[in-house]
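I have placed the structure first, in the form of structure tokens, so that the comments after it can refer back to it.
Taken together, the values in this text are just the output of simple stated rules run on the coordinates, not laboratory data. Computed from a prediction, not measured in an experiment: that's the story for all the values here. We place every Cβ from the backbone using ideal geometry, glycine too, and count neighbours over all the protein chains shown.
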Amino acid sequence: MTGVATAPAGLAAHSRAVLAAAQEGGEAAGTTAGEPNVVLAAVLGLLFAVGTYLVLRRDVVRVVWGVSIVSQSANVYLVTMGGITPAGDAPIGGHGGAAGATDPLVQALVLTAIVIGFGTTALALVLTYRVYEEHGTIDTREIGEAGEVDG
Amino acid sequence: MTETIVAAPLLVALVTAIATLLTRASDRLTRATSLLGAGAYLAAVAVLFRAVDPAGAGRTLVYQVSDWRAPFGITLVADPLSAFVLGFGALVSLASLAFAALYVDAYGQRLSFHPLYHFMMVGVTGSFLTGDVFNLFVWFEVMLMSSYILVLFYSGPEHTRAALNYVVLNLLGSAVMLLAIGGLYATTGTLNMADLARRLADPAAYDVALLPVLGLSAVLFSVFALKAGLVPFQFWVPAAYRAAPAPVTAMLAGVVKKVGVYAIVRLYFTVFAAASLPAIRLPGLADFSPDPGVSFLAFFGPVLFVMATASVIFGGFGAVGRVDLDDVLAYSSIAQVGFVVLPLAVAATVTSPAIRTVGVAAALVYAFNHGLAKGLLFLVSGTIEDALGTTDMAAVSGLAARSPLLAGAFLTGALALVGVPPLSGFFGKFLVFDAAARAYAGGASGAGIAIGVALLGAILTIAYYTRAWNAVFWGDATELVDAVLPTRGPDLGASPAGGAVADGAGRDEAHTGVEGTDDDRDAATASGDAEAEADRTGEAETEADRTGEEERDAAPARDDSSPDDQESAGTTGDEGRVQLPHSGGHPGPASRRVALAGEVTIVVSMAIAVVAFGVGFEPVVAAAQGAAEAALDTGGYVDAVAPAAAEEVSGS
């Protein structure tokens, strides 16, 4: 777990240094880009809506799907926050010479978040199976009733 | 290279976690490594605490990971605030782990309890030390992933249900946190907390729009409120606390909750306080344009106030009505976190720096006190559960006569939370009232209500602890207590050997409502279908003696039942009320007596610590004062972490 946490952390540190030069230009380009951002915003809205809808279902498996969709949309959102340039140059350049490049830091962040999301989704699925074994159902309402105790 | 010391607690916890993974072959070796690691962790924190010296010099030590300078690399920062919270975290952690080494059964110990516990500590330590917002997210995840499995540890019906809620809620919380952090990065262009504070202090120079930052910080706030269990994000607390093993609950309530509180103090009082509130225009509402120079805290003050008030009232009234000791403690910890946040609300609302410092110091002292005292109470509850198999207040009574030491420890913890003078809790409560009263004297709006809420909370605290004390420790012993602890003894270990007790329970036709009294729980939990059937057949009141018979009958045949059976049998209490899943690993009555005696010893030494910190409280208050000053000294934090020299490199 911690290995996972530290490795991308180092990566993030590295990319942030690269970013130092590239950042200004990247953000400026991102705001002027227009079209891809509109599409992404719509897709993001849709993803969050689907995720929220699934989380509110009674079926635990759907809830887990919903949670993982929400966390994946958070990742997509993070990537867009870096500013998508139509011709996204790789952020490689000399000192201060990478204007117009896509922000690489968010991609490092997203890598970290994806790895964490992978682990937690796996846990949530195992937990779902375990819930089924213990309660004989994966309906959240029935689980609540069956397990109701004092208080 | 004194800076390297900042990483020491983190490394010690990490190395211990890995070492306990490597020594899994030998149960004894794992426990020894684990305890040694917790001791080393406390030592590392103590060295760091001395180096930072919150009560005196109040240095801020900064460790730049891999030598990447602050705005670019990840930074570990040990300032007085971090050192203070790490300090009491390490104390509670050592006590809980020592308790766990005796409490968690051998099967559970093999089932990677110790690595999980230490990975949770890694996450807690990292959260306290990091100076980077995204890194905070990562440490939160490290902490949460371990805590998911620790809540799920017994994986019975109750536990899976509680863990499902806990996991889903926190996964959503993590996604929201990621959204907020991504948005903050997009609007401010940095993730480093010090750099963030610098940019927010001078938004024009860095081209930062403050309005989105305000919204995003509010989104982030909801995540921290969820971690801290503040109303309206409290609903996961009671179920999760009941499901987790007692020592883990002690950690969750005592330390992990405080991570949320720490994050609120660190981010909102140190970082976002640097920003001045922008004009807010909402469609359909009058424009809100604050005076120039009013910080974000003015926005969060009322929010904190409402949440704290709701928590104190909800938790207090909830705790008064519970029938299970664990539930009382869980609801109590919702109320007590309200008490921690109440002075923070006062501090955020007032403008006077002096009162603000008092408010934050009050919150920290109260958090310290709550960490120790609530940790102690949950361990007492765990000891009762280990000895009697239940913490239902109807089934447990008259313990004061049977185990005066345990009763004394509970009384100490309860009185500390009530706030009786010689104990550490008095100063916490005193400072909370002091902060509110000073704000009231200064004419701050709502300070009068804050005093009223604090008073109501204090009265409710007295009410529910008196009720719990009366029910569990005073009165006549119930049959269950008589069966398990027939004589008075200095500790619970004085009970007679297992066979005799089991016979006694059966012969007396004990109306216990609990299966598997005392020592025969070893066998009882290992039992297969016979006992599970017995448990399912209706009311325990009428079936108790029959259960006792069956247990004894079935005992010889139980040893060869599979681990799966053990688990299911152990957790199939009547109506889920009685759960004994954690027993069953102790090899025999003698070692169980030793374990119970050890648990009582740990609980008593924690009670002594509560008294000791109350008697010699000046250093703690001084440290909290230093921590509060450091928390509010945004300029000092920025200068220490990301000095202006690094600024030129960023080219902005």
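Structure summary
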quantity: Average beta-carbon neighbours from other chains, 10 Å sphere, peptide A:132-141; calculated: 3
quantity: Three-way shape label, region B:357-406, alpha-carbon gyration tensor, a/c 1.5; calculated: prolate
quantity: Potential extension, residue B:11-residue B:280 segment - 0.36 nm per residue separation minus Cα distance; calculated: 92.3 nm
quantity: Cα-projected label distance for residue B:463 with residue B:354, points at 7 Å along beta-carbon direction, nm; calculated: 3.7
quantity: Cα shape, region B:1-140, gyration tensor, a/c 1.5 rule; calculated: prolate
quantity: Spatial extent of region B:173-291: Rg and Dmax, with the Cα atoms as the point set, Å; calculated: 17.0, 52
quantity: Förster radius 41 Å - calculated FRET efficiency between residue A:133 and residue B:289, Cβ distance, rounded to 0.05; calculated: 0.10
quantity: Peptide-level mean, for B:352-365, of C-beta atoms on other protein chains within 10 Å; calculated: 0
quantity: Neighbour net charge for residue B:30 - beta-carbon separation under 15 angstrom, K R +1, D E -1; calculated: +2
quantity: Stokes-Einstein D for region B:316-381, Kirkwood Rh over Cα pairs, 37 °C, 0.692 mPa s (µm²/s); calculated: 257
quantity: Sites residue B:66 and residue B:394, calculated FRET efficiency, Cβ-Cβ separation with R0 60 Å, nearest 0.05; calculated: 0.55
quantity: Förster radius 60 Å - calculated FRET efficiency between residue B:202 and residue B:591, Cβ distance, rounded to 0.05; calculated: 0.40
quantity: Cβ-based net charge around residue B:85, under 14 Å, with every Lys or Arg adding one and every Asp or Glu removing one; calculated: +3
quantity: Full-stretch length increase - residue B:449, residue B:29 - with 0.36 nm per residue and alpha-carbon distance subtracted; calculated: 145.7 nm
quantity: Extension gain from residue B:21 to residue B:323, taking 0.36 nm per residue of separation minus the Cα-Cα distance; calculated: 104.8 nm
quantity: Cα pair count fraction exceeding 19 Å, expressed as % - region B:40-101; calculated: 42
quantity: Listed peptides B:207-217, B:310-320 by packing density, highest first (mean Cβ within 10 Å); calculated: B:310-320, B:207-217
quantity: Shape category assigned to region B:17-65 from the gyration tensor of Cα positions, a/c cut at 1.5; calculated: oblate
quantity: Peptides A:125-132, B:97-104 ordered by average Cβ neighbours within 10 Å, highest first; calculated: B:97-104, A:125-132
quantity: Ranked B:370, B:114, A:135, criterion: other C-beta atoms within 10 Å, fewest first; calculated: A:135, B:370, B:114
